[in-house]
């Protein structure tokens, strides 16, 4: 059960006893054409009672949950989908602080309140076969009356659509901007011969960013397919962090901000994949810079013990509760209109699935925000 000092209940917690939900199922399945109509839906579809519990489900819902249709009766949508937050409280799906920002929960409650169809997009992290998986869904909640008030809840998986949108934005927007910058420099070069050193440095930085964007997109696609190659080798920590600091000091978002490396003992060496670890830490540093105000410092720390090696990236800012609850979801971004929403998602994916480590964060007015990545000992 979730431990928290604040009221986390998003939706009413009361549930019908299993026998009452089963009785509703028997009554609804006996209505001519209702069950066949639900089976005609192209994706998972449920009929929910006023307590948001399934009292009828189609076979696609059962296949999604890996259960028989009858086993879904009495369960809530997040429990059927396998949402990682659905079991955090005894009352289940819809009653944690994370549920406040769930598109599925909002759609169901809004539909019940307005007695009209509500369509929402829903970002959800599910656990299947022992591994976490990010899903992007479009959900429909439609109220119906059949002696009692029910909600027809339909689900469409739009993960591929969102993934394509992310990659298209990465290539057609970000990379086009970088190429445009390079083109402008080349055109201006003959007129700025007295500034060749500055132009060369800027050109090198733009080329580096261009290569990095392409590599990041390729690595993310390979990581989600499960065929990203990992090369574990000895790695000097100090040299890695110095390279990352030097690289990000030239980022536009670093202007007016400082990147500091906390003192460390000796010349620590760990075993990891340098490219993947650098990409993880690079994302954390960029996020920290974006969250910092002018004159503030982003600090990188390294510590090691018997449990592994831990990298910590600190900035003085504080993350709101709404953002905290959605940070690692694939399509969530704190930058409306321009964010891609893959930074922290890719950090979590690469850290946990490929580096065998873990990522955590804490945020408070007293301490600021700290993201930690822990890599297990070799």
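The values are calculated or read from the model by the stated rules, or taken from the named source; none is laboratory data. Keep in mind it's a predicted model, so treat the numbers as computed, not measured. Note: ideal-geometry Cβ built from the backbone for every residue, glycine included; neighbour counts use all protein chains shown.
Only a single item in (1) more than 18 Å from the chain's Cα centre (by Cα); (2) surrounded by 21 or more Cβ atoms within 10 Å (Cβ to Cβ) is not met by residue 137, and it is number (1). Entry remark, the stretch 110-123: residues being in contact with a helix residue (DSSP H, G or I) (Cβ under 9 Å, 6 or more places away or on another chain) and at pLDDT 90 or above number 7 in total. Considering only residues in the stretch 219-229 that are over 16 Å from residue 131 (Cβ atoms) and touching a residue at least 12 places away in the same chain (Cβ under 8 Å), the one that is surrounded by the fewest Cβ atoms within 10 Å (Cβ to Cβ) turns out to be 221. With respect to residue 94, is the statement that it is touching a helix residue (DSSP H, G or I) at 6+ places or on another chain (Cβ under 6 Å) and either more than 23 Å from residue 22 (Cα to Cα) or buried (at least 22 other Cβ atoms within 10 Å of the Cβ) (or both) true? When the stated conditions are applied, residue 94 passes them.
Residue under question is residue 245, and the condition is that it be in contact with a helix residue (DSSP H, G or I) (Cβ under 9 Å, 6 or more places away or on another chain) and closer than 19 Å to residue 287 by Cα; does it hold? For residue 245, the condition - in contact with a helix residue (DSSP H, G or I) (Cβ under 9 Å, 6 or more places away or on another chain) and closer than 19 Å to residue 287 by Cα - is met. Applying the criterion of at least 2 residues that are loosely packed, with under 15 Cβ neighbours inside 10 Å to the strands (runs of 3 or more DSSP E) found wholly in the stretch 237-327 leaves 258-261, 269-272, 297-305. Quickly run through the stretch 342-372 and pick out the residues that are in contact with a helix residue (DSSP H, G or I) (Cβ under 7 Å, 6 or more places away or on another chain), within 25 Å of residue 232 (Cβ to Cβ) and in a strand (DSSP E or B). Once the filter is applied, which keeps residues that are in contact with a helix residue (DSSP H, G or I) (Cβ under 7 Å, 6 or more places away or on another chain), within 25 Å of residue 232 (Cβ to Cβ) and in a strand (DSSP E or B), the stretch 342-372 yields 358, 359, 371. Do we have residue 163 as over 18 Å from residue 81 (Cβ atoms), at pLDDT below 90, part of a helix (DSSP H, G or I) and under 16 Å from the mean Cα position of the chain (by Cα) here? So residue 163 passes the test.
Among the residues of the stretch 137-149, the ones that are touching a strand residue (DSSP E or B) at 6+ places or on another chain (Cβ under 9 Å) and modelled with pLDDT of 90 or more come to 9 in all.
Taking the condition assigned to a helix (DSSP H, G or I) and more than 24 Å from residue 224 (Cα to Cα), does residue 119 pass? Criteria not met by residue 119.
Within the stretch 141-159, the set of residues being surrounded by 15 or more Cβ atoms within 10 Å (Cβ to Cβ) and either in a helix (DSSP H, G or I) or more than 22 Å from the chain's Cα centre (by Cα) (or both) comprises 141, 142, 143, 150, 151, 152, 153, 154, 159. The set of residues in the stretch 16-35 that are over 23 Å from residue 91 (Cβ atoms) and exposed (fewer than 14 other Cβ atoms within 10 Å of the Cβ) comprises 26, 30, 31, 32, 33. You will find that of 190, 234, 263, the residue that is modelled with pLDDT of 75 or more and farther than 24 Å from residue 354 by Cα is 263 and no other.
Residues checked against (1) crowded, with 17+ Cβ neighbours inside 10 Å; (2) in a loop (DSSP other than H, G, I, E, B):
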| site | (1), (2) |
| --- | --- |
| 37 | no, no |
| 90 | no, yes |
| 98 | yes, no |
| 107 | yes, no |
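The residue of the stretch 67-84 that is surrounded by the most Cβ atoms within 10 Å (Cβ to Cβ), among those that are in a loop (DSSP other than H, G, I, E, B) and out of contact with any strand residue (DSSP E or B) (no Cβ under 8 Å at 6 or more places or on another chain), is 67.
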